[in-house]
Structure formats: structure tokens, C-alpha cells
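Working notes, structure below.
Read-outs throughout are calculated quantities, based only on the coordinates presented, and are distinct from any laboratory measurement. Since the structure is predicted, the reported quantities are computational estimates derived from the model, not experimental observations. Neighbour counts are summed over all protein chains in view; Cβ atoms, including those assigned to glycine, are modelled from backbone coordinates with ideal geometry.
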Amino acid sequence: MPFGVKFASDVADKVDFDRIYELALKPALAAFDVDYVRADEEPAGGIIHAKMFERLLFADLAIVDVTLDNANVFYELGIRHCARRRATIIIRAEGGQIPFDIAMTRIVPYKLTRGVLTDEEATRLRDELARRINYCFGEMEQLDGKDSPLFQLMDGFSGVNTATRLDDSMHERLRSGENIRARIAGIADRLIDPSALDELDAVASELDTASPESLDVLMALLDAYQRQQGFSRIIMLVERLPSELRVRPSVQGRYVLAVCRSESAELAELALSEMESTVDRSIATAEECARVFSAYQRLLDHPVRSSYADGMAKLDIRRLSDRAIRWGRRAFELDPHDYYTGLNLAERLLKHGTAEAYREGKAVAGATLYALLRLERIETAVAWNQDYWYQATLLQLNVMLENWTFVDDLVDRIRSLKETVSWELEATRLNIAEMRDLLDTPEGRARAGIVIDKLF
């Protein structure tokens, strides 16, 4: 099922899927002698990989939440229906039209109130799930019942042969991958240390790119190099990967970051162009567009070496800014509730240097502020008033929009969360200073200056 807080178009609101999991699914499963795991809790991590297929094929029970109409979820549901004749329970929030291909299946509905599963509804859903689980493990199994449409409608359909488990070599590879990732995590968590990079190099030398589990290990290795600031190592590792791994957007995003931090601006732009081409060849998701936008942001805003800065002077900054805005717009249009992308797009538009872009930047900032404020309507495990970065983002947007009535209260709230000078306050101060320089009125710049002073 989904995790975290995500926008559901059929519900027309953000939904706290963690609350649904904690208050309904986990208690229902706990009543039975079963081990259970949600996709994001899977030790193997990563995106589609061998461990995920193993769960779909061999789990005695699968609970699938189709509230988000997510393509990956339906792909995985299709695999499950091909492999298992029974014990697949589909759940979905009320509202919207059920997709045609699963309309004939039995779906357990649940009701949300402004995107929230109430305590009363959580109890009802828990009890209904417990009843369905008991049926799957009891009467349905005894009567050789079916809940897969393929098995129900196609006489003689035998499905995938799951009589035997995965062979020992596959299990060994899965266990080996988990051990390697644990080893990488231990190295990455240390303070920046040249010896840590040497140890990561040793892991990289053992990477078997032909293994189905290699992507998970690769992503852990790239992230560990990044934490240890081994950017040149990331470049070397990615450039020796086979093309099927190198073209993955998740790999390319880390490669572009490394190039931006350690090589020439011209090479960074070339890497970005390659990343753009890969995303353009597919039906781009909001996340993929945001990743390209973020890479352009780094290229434009973070020249960390003199040679890099010299290269930036030779590039057409306006053209790069146009391309950044193009990808930021695509990401924000696909997911207008992504306030992180919205904030950065608004700032990029204000920096662009045209009156039209400036007006659009203000409009994007207003839309982002609206999306951000809607989060407070959702009863989640996070207390928004105690979330520093939520409050800091609210402050930045209100300064950008010159909503000074709200700014003073936000500054006081932020200072109550960080009573002493910290890197978080310093980051917020620098962000506000940058926004101050983008405001087009002397009064606005003066008020923003007061905000900066109050943060210390």
C-alpha cells in the first residue's frame, strides 16, 4: 500500500496512508499468526527488484490499496492475480470511479473525512479486514475459492507455477545483497573520512552489475559516496555501468549532482541533456521532472569550484534558466501539491529577469502556499506546528509574497523551535536573504532585512 501523506485525486485531498496502516491494517494482521511487511519496510529497498517479485509470487496473503490509481500498484496487482488464485484483498477509499479492469473484483471500501481515517472508521476497516483475512485462510482455502479474475473467468488457467519456492541460489543472492547494503550503510554513517571512500571503492569493485539485485546495491553505494563527498568516484562508477543501469533516472540524477560538484559546467550541462533525453523518452512522472529541475537548480546555483564558475560564465545562463523552468513547470503541473518543487520554481521564476516570469513566480508562490496550508487540515503523526522545515517553508513563501501580517508570527514560531543558533536557522536566514534581493520594492527588501535580523 502507499506510505506517507499523498494526494489522491479521487478523494480530492491529501491522504495519510501511514495512519491507515497503523490503525487498521496492522491491528487486523496482528490477530493472525503471520509475518507481514509493507513495501517501504522491505529490507531489500529500492524500486522494482527480485525481492518484490518474490513477495508478490509467494506471499500467502496480499493487501493492495488502489486509492491512488498508481500504475506501479496495478502492475504489481496484475502479477499477483496471474500467480495466485486467492488471498488478494483489494482496498480503496470511497470516491471516484473504480478502474474498469478491476470493477468486477470485490473491493473493501473505507471512508475518509477530509483525507483522514477517523478512529471510528479505522475500527470498522480493521474488523472488515480481519473478517476477510480469516475467510482467505479458512473457508476460501478449504473450498479452493478464487478471488483472481483470471482464475475465475478462464477455465483451466493454471497461472504461474508457485509450487516450489525460489531456488537456493536466488535466496543466497538476496541475502548477499542485504548484507552488502548493511555494510555500505555502516561506512556512509561515519564522519567524512578518506578511508571511508577507500572502503566504498572496495565494495564498488565487487559490484556485479549483471545481478538482478545490483540496482539496490548500486543506489546504496552512490548515496554513500555522496554522503562522503566522493563525487569523482560517483562519476567513475556511473560511467563504467552498462547502459541499462546508467540510463535510469535515479542513477542519472546522482551522476548529474556529482558532475555539478566536481567537474566543468560544460560537462554538467552535457550530463543534464542526457538525463533530459531519457526522461523525455518515457511518460515522465512528477518525480522524474522534479529530479531534472533539481539538477538544473544545482547547475545554476551551486558553482563550488573556480574552474566550474569560469565555465558557468561561458554558458548561456538564460537558456539554462529557461530549461530549468520548463522542467519545474512540468513537475508542478503533474503534482501541484509538491510544495518543495513549488517553492523552488517560484524562486527560479523570480530570478529569471523578466516581468512575465516575475508575475508567474508570484502566482506559483501563492499556489504553493495554498497547497502547504492544506496539510494542516490533515491529522498526521507529524505536528505541523512543531515541524521546523514546514514552518521555515511557510516563512519563505510569505516573505516572497510580502504577506508581512503572517511573517512576524512565523518568525516567533521558528525561534521557539530553535532557541539557539543552528545550521537550520542559518540555512533559513540565507534563504530569506536571497529572497530579499528578489523583491521589487524597497519596503519589501527592508522588511525582509528585519526578518533576517530577528532570526538571530
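What's the exposure ranking of LYS6, LYS26, going from fewest to most Cβ atoms within 10 Å?
Numbers: LYS6 16, LYS26 13.
Final ranking by Cβ density, sparse to dense: LYS26, LYS6.
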Could you give the length gained by full extension between ILE317 and PHE74, i.e. 0.36 nm per residue of separation minus their alpha carbon distance, to one decimal place? 83.3 nm
For TYR110, the residues 5 or more places away or on another chain with a placed amide H closer than 5 Å to its own amide H are ARG92, ALA93, GLU94
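Can you pull the percent of Cα pairs in region 5-153 with separation above 25 Å?
The share of Cα pairs beyond 25 Å in region 5-153 comes to 27 percent.
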May I ask you to evaluate 6.51 cos²θ - 1.76 cosθ + 1.60, the Karplus curve with θ = phi - 60°, for each residue of region 430-444 and list the ³J(HN,Hα) values in order in whole Hz, giving x for glycine and proline? 5, 5, 5, 4, 5, 5, 4, 5, 8, 6, 9, 10, x, 5, x
Would you mind getting the Kirkwood hydrodynamic radius of region 336-456 from its Cα pairs, rounded to one decimal in Å? 14.6 Å
Could you state the principal axis extents of the C-alpha atoms in region 68-149, from the largest down, to the nearest angstrom? 39, 28, 18
Each label point is 7 Å from the Cα along the Cα-to-Cβ direction; what then is the distance between the points at SER195 and TYR370, in nm? 5.7 nm
Each residue of region 285-295 in turn: what ³J(HN,Hα) in whole Hz from Karplus with 6.51, -1.76, 1.60 and θ = phi - 60°, glycine and Pro shown as x? 8, 4, 5, 5, 5, 5, 5, 5, 4, 4, 5
Residue by residue through region 249-255, what is 3J(HN,Hα) from phi via Karplus (6.51 cos²θ - 1.76 cosθ + 1.60, θ = phi - 60°)? Round to whole Hz and write x for glycine and proline. x, 5, 6, 4, x, 6, 5
Once amide H atoms are built 1.01 Å from N in the peptide plane, which residues 5 or more positions from ILE89, or in another chain, come under 5 Å H to H? ALA62, ILE63, VAL64
Show me 193-203, 323-333 ranked by packing, highest mean number of other Cβ atoms within 10 Å first. 323-333, 193-203
